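Q: I am attaching a structure below and will ask some questions about it afterwards.
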Amino acid sequence: MSFRIVKGPQSKNVYLPVTPSTALPARSLVTFASGKLVAATAATTAANIAGILVGAITADDADYADDRLVGVEVPTQKQAIYEFPGTGFDATDIGVDVDLTDNVSVDGATSNVGVVRITKVLSATKAQGYLKINGSY
């Protein structure tokens with residue numbers, strides 16, 4: 001499981017250029033580097049999150065090494081609630097802005113750049129919250 005919208009405004013798909021020969025899992029967060037999408041990292045700031053990659057990119061794809069556009073999901077309005085995996089979630093995280101662990105999970109124990117605001121803790125490894133795509137939620 002990665003990032004998925006569970007409540008609130010709908011999202012839309014936009015098509016953006018991806019870095020050739022870069023494998024990325026479906027539903028992972030992406031950002032730009034040199035004008036093309038790459039995986040978001042723990043250091044990626046909220047203002048630089050482009051959205052959620054719709055489909056997986058694998059080395060087996062026929063166009064893997066090509067310059068191309070890929071689908072990226074972005075919310076159409078603020079306040080969409082996303083569900084996501086991670087580590088270290090507990091009740092004290094509610095209302096806190098936390099960081100990514102990598103492009104597919106959240107670090108509930110770290111809040112340096114604050115990409116996700118936790119609104120509900122489902123377990124120590126799953127939570128819900130606002131995802132600051134393009135710096136807003």
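Q: Collect the residues in segment 66-125 that are of a type in the set (A, V, I, L, M) and touching a residue at least 40 places away in the same chain (Cβ under 8 Å), keeping them in residue-number order. Talk me through it step by step, then tell me what you get.
A: Of segment 66-125, the ones of a type in the set (A, V, I, L, M) are 69-70, 72, 74, 80-81, 91, 94, 96, 98, 100, 104, 106, 109, 113, 115-116, 118, 121-122, 124.
Once the filter is applied, which keeps residues that are of a type in the set (A, V, I, L, M) and touching a residue at least 40 places away in the same chain (Cβ under 8 Å), segment 66-125 yields L69, V70, V72, V74, A80, I81, L100, V104, V113, V115.
Q: I would also like to ask the following. Looking at T44, T92, which one is closer than 25 Å to S123 by Cα and within 13 Å of the chain's Cα centre (by Cα)?
A: Values: T92 fails: within 13 Å of the chain's Cα centre (by Cα).
Among T44, T92, only T44 is closer than 25 Å to S123 by Cα and within 13 Å of the chain's Cα centre (by Cα).
Q: If T19 satisfies every condition in (1) of a type in the set (V, I, T); (2) loosely packed, with under 13 Cβ neighbours inside 10 Å; (3) over 21 Å from G86 (Cβ atoms) but one, which is the exception?
A: Here T19 meets the rest and fails (2).
Q: Right, next: Residues to consider are T58, T41, T76; find the one that is surrounded by fewer than 22 Cβ atoms within 10 Å (Cβ to Cβ), at pLDDT below 95 and among the hydroxyl-bearing types (S, T, Y). Please lay out each step first, then the result.
A: Values: T58 fails: at pLDDT below 95; T41 fails: at pLDDT below 95.
Result: T76 is the single residue among T58, T41, T76 that is surrounded by fewer than 22 Cβ atoms within 10 Å (Cβ to Cβ), at pLDDT below 95 and among the hydroxyl-bearing types (S, T, Y).
Q: Within segment 79-107, count every residue that is in a loop (DSSP other than H, G, I, E, B), surrounded by 19 or more Cβ atoms within 10 Å (Cβ to Cβ) and either on the phi > 0 side of the Ramachandran plot or not aromatic (F, W, Y) (or both). Before the answer, list the steps.
A: The first filter runs over segment 79-107 and keeps only residues in a loop (DSSP other than H, G, I, E, B), leaving 79-80, 88-90, 94-96, 103-104.
With the extra rule that they be surrounded by 19 or more Cβ atoms within 10 Å (Cβ to Cβ), the set shrinks to 80, 89, 103-104.
Among the residues that remain, those that are also either on the phi > 0 side of the Ramachandran plot or not aromatic (F, W, Y) (or both) are: 80, 103-104.
Residues that pass the stated criteria total 3.
Q: In this structure, does T110 turn out to be part of a loop (DSSP other than H, G, I, E, B), surrounded by 14 or more Cβ atoms within 10 Å (Cβ to Cβ) and not assigned by TED's automatic domain parsing to the domain that holds L29? Talk me through it step by step, then tell me what you get.
A: Numbers: part of a loop (DSSP other than H, G, I, E, B): yes; surrounded by 14 or more Cβ atoms within 10 Å (Cβ to Cβ): yes; not assigned by TED's automatic domain parsing to the domain that holds L29: yes.
The answer is yes for T110.
Q: Looking only at residues that are at pLDDT 95 or above and of a type in the set (G, A, S) in segment 113-124, which one is surrounded by the most Cβ atoms within 10 Å (Cβ to Cβ)?
A: A124
Q: Of the conditions (1) touching a residue at least 40 places away in the same chain (Cβ under 8 Å); (2) crowded, with 17+ Cβ neighbours inside 10 Å; (3) out of contact with any Asp or Glu (no Cβ under 7 Å at 6 or more places or on another chain), N134 satisfies every one except a single condition; which number is it?
A: The failed condition is (2).
Q: Is it fair to say V38 is without any contact (Cβ under 8 Å) to a residue 24 or more places away in the chain and touching a strand residue (DSSP E or B) at 6+ places or on another chain (Cβ under 7 Å)?
A: Values: without any contact (Cβ under 8 Å) to a residue 24 or more places away in the chain: yes; touching a strand residue (DSSP E or B) at 6+ places or on another chain (Cβ under 7 Å): yes.
Yes.
Q: Applying the selection to segment 1-28, what residues are within 18 Å of I49 (Cα to Cα) and charged (D, E, K, R)?
A: Within segment 1-28, R4, K12, R27 meet the criteria.
Q: Same structure again: Can you tell me which residue in segment 1-38 is modelled with the highest pLDDT, limited to those that are of a type in the set (K, R) and in a strand (DSSP E or B)?
A: Going residue by residue through segment 1-38, those that are of a type in the set (K, R) are 4, 7, 12, 27, 36.
Next cut, in a strand (DSSP E or B) only: 4, 7, 12, 36.
On the way: R4: 91, K7: 88, K12: 89, K36: 97.
My answer is K36.
The values are calculated or read from the model by the stated rules, or taken from the named source; none is laboratory data. Note that this is a predicted model, so its numbers are computed, not measured. Every residue, glycine among them, receives a Cβ derived from its backbone with ideal geometry; neighbour counts consider all protein chains shown.
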